[in-house]
Amino acid sequence: MKDFWESVLHFAKTTSNKVGSELLADFGQVQPKEKPDGTLVTQSDKWADEELRNAIASAFPTHGILTEESDRILPDTEWCWVVDPLDGTTNFSRGIPIWGISLGLLYRGTPVFGYVYIPPLNQSFHGFWFGKTGLTGPERAFVNNRPLQSSRDEPTMNHFFSFCSRSIQVIRHPFPCKIRMLGVASYNFLTVAAGLTLGSVEATPKIWDIAGVYPIVQAAGGVWVPLESASIFPLKSGLDYSDRSFPTLVVAQNELVPIFGPFLQELHKG
C-alpha cells in the first residue's frame, strides 16, 4: 500500500495547492449568496468544487466523490473522496484569512486519509488513521510536514477551547479555559490536533466539514466524541448527506472528556 498512500498524498498536495493559489486571487473580492440552509456560497466555491471533482476523476477514476456543492449522495464504491472545496466561505468572502480546502478519503465509508490546506496561512495538514478498517500503514499526522501532537496539558485560563457560533450560547460560566471562535469547522478541529487548543465543538457540521480532519485528529492523539448516540462512520452508500449534521466534540486527550462534556449537555439535547 505504500505506493498508493504516496500517490494519494502527492495528489492531495498538488491539487489543493493549485486550487488554493487560484482562490487566493478571489479572496475577499467575491459576493456571496445565501443557500436554502442559510449558509453562504460564492462562485469561487463552485469553481473549486468542479476543479477538484475533475482532478479526482482523472487521477482515481474508480473512486467515488461526495462534495458540498454537487455530489451529495454517497456512491457505492470502496473508495470515496469527500470534498469541501472552500470551508469557511463567510471568512473567505469577508476577507478574514482563515479558510481552506478539505479532502477526506473514505475506505468502505470510513475516513482513512485527510488533507486540509489553509492558503492564507500557508499551512497544509494531513494524516493517515486506519482504525478498524483492516488497512495498514503509518498512522501519523503532520502540518507542513512537521509531526502533529495534541496537547497533554491540563486546562487552565491560559489554555484555549474553540466554539462555533451555534454552540456558544450553551456555555455556562465559569468555563475552565479561554474561549475562541474561528468560523471554520475544519480549522476549529485542527487546532486541537496541533496542540493549539485543548478542545473544540461544532454543533452542526456536515460530513464534508469533518471527513478530512477526522483521521488527522485521531492520528495526532486527539479524541473524537460524537454528541449523538449514533456512530458517524462508516457512512452508508445511497444516502443523501446534504441535510445531515454531526454534532461533535474534539478534545486533546481522554481525560478532558468529563471536564468539557458537561458544558455541552444542552447542545447534545438539542
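The values are calculated or read from the model by the stated rules, or taken from the named source; none is laboratory data. Here the structure is a predicted model, which is why all the values come from computation and not from measurement. Virtual Cβ from ideal backbone geometry, glycine too; neighbours counted across all protein chains shown. Note: accessible area is taken over every heavy atom of the protein model, side chains too, but ligands, DNA and RNA are not part of it. Shrake-Rupley method; radii C 1.70, N 1.55, O 1.52, S 1.80 Å.
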Which number gives the lysine pairs in the chain that have C-alpha atoms under 22 Å apart and are eight or more places apart or on different chains? 12
Any idea what Rg and Dmax come out to for segment 96-142 if you just take the C-alpha atoms, in Å? 12.5, 41
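At a 10 angstrom cut-off on C-beta neighbours, averaged per residue, how do the peptides 13-22, 93-102, 62-71 rank from highest to lowest?
Ranking, from highest mean packing down: 93-102, 62-71, 13-22.
In terms of the Cα gyration tensor, with a ≥ b ≥ c the square roots of its eigenvalues, is segment 216-270 rounded because a/c is under 1.5, prolate because a/b exceeds b/c, or oblate?
Numbers: a/c = 3.04, a/b = 1.39, b/c = 2.19.
Taking the square roots of the gyration eigenvalues as a ≥ b ≥ c, segment 216-270 is oblate.
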With a point put 7 Å past each Cα toward its Cβ, work out how far SER7 is from GLU139 in nm, to one decimal. 2.5
Roll a 1.4 Å probe over the protein chains and send me the accessible area per residue for the chain in Å². 45
Residue span LYS132 to LYS178: 0.36 nm per residue of separation minus Cα-Cα distance leaves a gain in nm of 13.0 nm
Quick query: amide H of LEU182 versus all other amide H atoms, modeled in the peptide plane; which residues come in under 5 Å with a sequence gap of 5 or more or a different chain? PHE163
Please list the radius of gyration and Dmax for the chain, considering alpha-carbon atoms only, with Å as the unit. 17.4, 52
Mean projection of the alpha-carbon convex hull of segment 121-270 over all orientations, in nm²? 9.5
Rh by Kirkwood over Cα pairs, then Stokes-Einstein D for segment 144-189 at 0.692 mPa s and 37 °C, µm²/s: 266
Sequence-distant or interchain residues sharing an amide H contact under 5 Å with GLN253, placed H: which? VAL223
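Under the √(5λ) rule applied to the eigenvalues of the Cα gyration tensor, what semi-axes describe the equivalent ellipsoid of segment 7-90? Give them in Å, descending. List each step's numbers first, then the result.
Numbers: eigenvalues 108, 57, 13 Å².
Value: 23, 17, 8 Å, ordered largest first.
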Expected max-MSF residue from GLN253, GLN169, GLN149 in the GNM of the chain (alpha carbon, under 10 Å) is GLN169
For ARG166, the residues 5 or more places away or on another chain with a placed amide H closer than 5 Å to its own amide H are ALA203
Could you check the simple spin-label distance between SER70 and LYS18, using points 7 Å along Cα→Cβ, in nm with one decimal? 1.4
In nm, to one decimal, how far is the ALA25 label point from the ARG244 one, both placed 7 Å along Cα→Cβ? 3.7
Vicinal HN-Hα couplings computed from phi for segment 154-162 (Karplus, 6.51 cos²θ - 1.76 cosθ + 1.60; Hz; Gly/Pro x): 8, x, 9, 6, 9, 10, 10, 9, 10
In whole Hz and in residue order, list the ³J(HN,Hα) couplings for segment 82-96 that follow from phi through the Karplus curve 6.51 cos²θ - 1.76 cosθ + 1.60, θ = phi - 60°; x for Gly and Pro. 10, 10, 10, x, 7, 7, x, 4, 4, 4, 4, 6, 9, x, 8
